[in-house]
Every structure is written in C-alpha cells, then in structure tokens.
Amino acid sequence: MAQAAARLRAAGVPDPARDARLLLAHAASVDAARVTLIAPEEIAPEIEERFEQLVALRAVRVPVSQLVGERAFYGRGFKVSRDVLDPRPETETLIEAALAAPFDRVLDLGIGSGCILVSLLAERTGAQGVGVDLSEAACLQASANAVLHGVADRADIRQSDWFGAVEGRFDLIVSNPPYLARAEMADVAPELALHEPAMALTDGADGLSVYRLIAARAQGYLSAGGRVLVEIGHLQGPDVRAIFAAEGWADIAVLPDLDGRDRVVQAQNPA
C-alpha cells in the first residue's frame with residue numbers, strides 16, 4: 001500500500017494514500033475501514049494482481065469511483081461509469097434546497113447518473129419524477145440506479161435534448177448542467193478531462209448557454225409557484241441570477257455550498 005501510494009503521488013494524484021487504501025480494499029473485497037485489519041496477513045496473489053491493475057489505472061488518472069464502480073452521494077451508493085459525471089458532494093447543496101419545500105412532481109434535466117432525481121424520489125416517497133438526458137448510456141445508468149434504490153416505478157427516464165421529450169407540468173425542476181466554458185476545459189483535472197463525458201462538463205461556449213435555455217423555457221413546464229434549482233460554477237452566481245431575472249423569474253436566490261461558495265441558483269415561477 002505504501003508503494004502504491006508513492007506511485008500515485010509521483011503521478012500527481014491528489015490524495016494518494018487514501019486512494020491506495022480504497023483500491024486495496026476493493027481488490028480484497030473488504031470494507032475500506034478494515035484494510036488495517038488485513039495488513040499483517042499475506043496478500044493472496046490474485047488480490048495483489050487486481051491491486052496492481054487498479055493502481056496502474058489510477059496512475060493514469062482514472063477516477064477511483066470508476067475503478068470501484070460506485071460513488072457515495074447523499075447517504076447512498078450510486079453506480080457510475082465513464083458515461084456519466086461522477087456525483088460530487090457539492091451537488092448535495094441542491095438536494096437540501098429541493099427538499100426544503102414540498103413537491104409532488106419533479107423534472108431532472110440532464111439526469112446523468114441519476115443521483116439527483118433518485119435521491120429526491122428516495123427522500124420523498126410520494127413524489128413522481130421525470131429525468132432526461134441526451135446520452136442513451138446516461139439514461140441506462142440512471143435507470144439502473146433507480147432500480148438499485150427502489151424508485152424505478154416512480155421515475156420516468158427518457159432520452160431527450162433538454163425539454164424536447166418533456167410533457168406536462170412539474171412542481172420542481174432541477175439540473176446540474178454543463179457549466180464549464182470551453183476555455184476552462186484546458187485547466188480541468190485529468191480525471192475530468194480524460195475520463196468523464198465532455199458533454200456533461202462544458203456547453204462548448206461560455207458555460208452559460210443551458211441556463212439561458214432553462215430560464216427561457218422552464219416556466220412553461222412549471223406549476224404556478226413552482227421552483228427551479230440549478231447547480232452553478234462557484235463564480236457564476238451573478239451571471240446566472242441576471243439570466244433568470246431577465247426572464248421575469250421571482251424570488252431568485254444564490255445558495256452557497258458547505259465551503260461557502262456559490263453553488264445553486266433557485267428561482268420561482270411568478271405565474
């Protein structure tokens with residue numbers, strides 16, 4: 001494990017000791033908290049071989065979540081792959097804000113792994129949801145997570161270009177859209193640039209185009225007084241607030257994540 005950590009450190013991996021421990025636990029099929037308990041034992045050759053393969057992949061910056069096939073989010077484990085954006089702790093800010101008010105029908109634009117929609121439906125057992133994504137692979141991944149967490153009968157997951165295949169009205173619309181500007185992609189970590197879908201990271205323009213689309217069209221899919229919640233980049237609060245204000249939304253607020261950075265814009269349908 002020490003040798004693996006040194007190798008990962010040399011490859012520029014941010015937290016090499018933690019990753020080495022997680023990968024050894026996965027290779028040995030034990031909980032990460034129990035790795036120290038097996039430390040005195042002789043490691044079986046097949047475990048050593050699996051561990052070596054995992055470390056080699058992590059050294060070329062494949063995310064740990066893709067190597068172990070799962071990422072924790074809002075108290076649940078979500079299956080992930082290179083076809084979807086890795087669920088991240090800051091997105092839990094959006095979940096908390098969504099759960100702060102009642103809703104019966106929720107729409108998730110750009111569902112990805114399904115972590116947002118599935119978490120909301122799991123927390124609100126009487127709610128129904130629709131999730132859309134342009135990526136068929138993402139829809140399949142989200143559907144698998146809906147089954148895993150027992151909400152598949154309340155989750156309608158469709159392949160769609162944003163509102164293209166959406167019908168009806170919702171109490172809540174949520175989205176974690178691609179918000180990196182094209183110019184920012186040159187500076188993102190290798191884990192994102194090389195191993196996560198570019199279409200989930202950037203709009204290929206200024207990083208604000210999807211907010212303009214949602215602000216312009218979402219009122220037509222919301223019930224009176226319904227809410228929209230969108231995750232944003234931590235420097236985008238003023239711009240996204242202005243986009244929603246220009247479209248006549250009410251009660252626009254920029255909400256911080258646990259680190260105090262702008263993370264979610266919330267707005268209400270004025271109708």
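Derivation of every value follows stated rules applied to the coordinates shown; laboratory data play no part. In this text, all values refer to a predicted model and were calculated from it rather than measured experimentally. All Cβ positions, glycine included, derive from the backbone under ideal geometry; neighbour counts span all protein chains shown.
Observations, loosely collected:
- Descending by average beta-carbon neighbour count within 10 Å, the peptides 111-117, 260-266, 203-209, 31-37 line up as 111-117, 260-266, 203-209, 31-37, the highest first.
- Inter-label distance, nm, simple model (7 Å from Cα along the C-beta direction), residue 140/residue 18: 3.1
- Residues in region 53-76 that a label on residue 11 would reach, taking backbone N under 15 Å of a point 7 Å out along Cα→Cβ: 53-69
- At least 15 Å along the helix axis (C-alpha) and Kyte average at least 0.0, DSSP helices within the chain: 16-28, 136-148
- Whole-angstrom gap from region 64-93 to region 218-271, using each part's C-alpha centre: 24
- Measuring between their Cα centroids, region 95-165 and region 9-24 lie 32 Å from each other.
- Label reach from residue 125 (point 7 Å along Cα→C-beta): in region 140-168, amide nitrogens under 13 Å belong to 150-151.
- Under the simplified labelling scheme, the residue 186-residue 250 pair shows an inter-label distance of 4.5 nm, with each label point 7 Å from Cα along Cα→Cβ.
- The packing ranking, built from the mean of other Cβ atoms within 10 Å per residue, places the peptides 178-188, 69-79 in the order 69-79, 178-188, highest first.
- Of 166, 132, the sequence from fewest to most neighbouring Cβ atoms within 10 angstrom is 166, 132.
- Each Lys and Arg adds +1 at its Cβ and each Asp and Glu adds -1 at its Cβ; summed about the Cα centre, the chain shows a dipole of about 180 debye.
- DSSP beta bridge pairing in the chain, given as percent antiparallel to the nearest 5: 40
- Per-pair calculated FRET efficiency, R0 = 45 Å: residue 56 and residue 216 via Cβ, rounded to 0.05: 0.45
- With neighbour counts taken as other beta-carbon atoms within 10 Å, the residues 173, 243 rank, fewest first, as 243, 173.
- At 0.692 mPa s and 37 °C, Stokes D of region 120-204 from Kirkwood alpha-carbon radius, µm² per second: 226
- Expected 222 nm ellipticity per residue - DSSP helices of 4 or more, -39500 (n - 2.57), all of the chain, to 500: -10500 deg cm²/dmol
- GNM flexibility winner over the chain from 102, 63, 16 (Cα, springs under 10 Å): 102
- Sites residue 38 and residue 205, calculated FRET efficiency, Cβ-Cβ separation with R0 51 Å, nearest 0.05: 0.55
- Stretchable slack from residue 156 to residue 271, in nm (0.36 nm times residue separation minus alpha-carbon distance): 38.8 nm
- Listed residues 16, 32, 4: farthest to the positive end of the dipole of region 2-60 (Cβ charges): 16
- The alpha carbons of the chain give a radius of gyration and a Dmax of 20.0, 67 Å, in that order.
- Length gained on full extension, residue 224 to residue 198, computed as 0.36 nm times the residue gap minus the Cα-Cα distance: 5.9 nm.
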